[in-house]
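The next block holds one structure in the form of structure tokens; read it before the comments.
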Amino acid sequence: MSQRPRVERSVLEEAYHKAAETAAEVERSGNYARATQMWADAEKLALTFTQREWCYIRKNYCKKWQGKREKTQ
């Protein structure tokens, strides 16, 4: 049985933090539809329950407000 390659935790943490920061920037810009998807992507990269929960909360917030308060580009 082949083993998956081992990835350093710091690489995984960096990927999560980059995804979460990008999602937050998009959310602050008012593009809630795009931010919803980006928070979902960050949620998949989360390493801890707290990170997953935060992404889930932000994703649902953006989903709630998309189309209501969304800024048009």
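Can you name the helices (runs of 4 or more DSSP H) wholly within the chain that have at least 2 residues being among the small types (G, A, S)?
Per the criteria, 9-29, 32-45.
Tell me, which residue of the range 6-25 that is buried (at least 18 other Cβ atoms within 10 Å of the Cβ) and small (G, A, S) is nearest to W65 (Cα to Cα)? So, considering only residues that are buried (at least 18 other Cβ atoms within 10 Å of the Cβ) and small (G, A, S), the one nearest to W65 (Cα to Cα) is A23.
For the range 29-51, give me each residue that is more than 9 Å from the chain's Cα centre (by Cα) and more than 14 Å from H17 (Cβ to Cβ). Passing the criteria: S29, G30, N31, Y32, A33, R34, F49.
For first residues located in the range 41-67 and among the polar types (S, T, N, Q), partners that are part of a helix (DSSP H, G or I) and exposed (fewer than 15 other Cβ atoms within 10 Å of the Cβ) and lie 6+ apart or on another chain with Cβ distances below 8 Å form the pairs Q66/A33. Among the residues of the range 26-65, the one identified as surrounded by 18 or more Cβ atoms within 10 Å (Cβ to Cβ), under 15 Å from E14 (Cα atoms) and charged (D, E, K, R) is E43.
Since every read-out is calculated from the coordinates, none of them should be taken as a lab result. Because the structure is predicted, anything quoted here is derived from the model rather than measured. Virtual Cβ from ideal backbone geometry, glycine too; neighbours counted across all protein chains shown.
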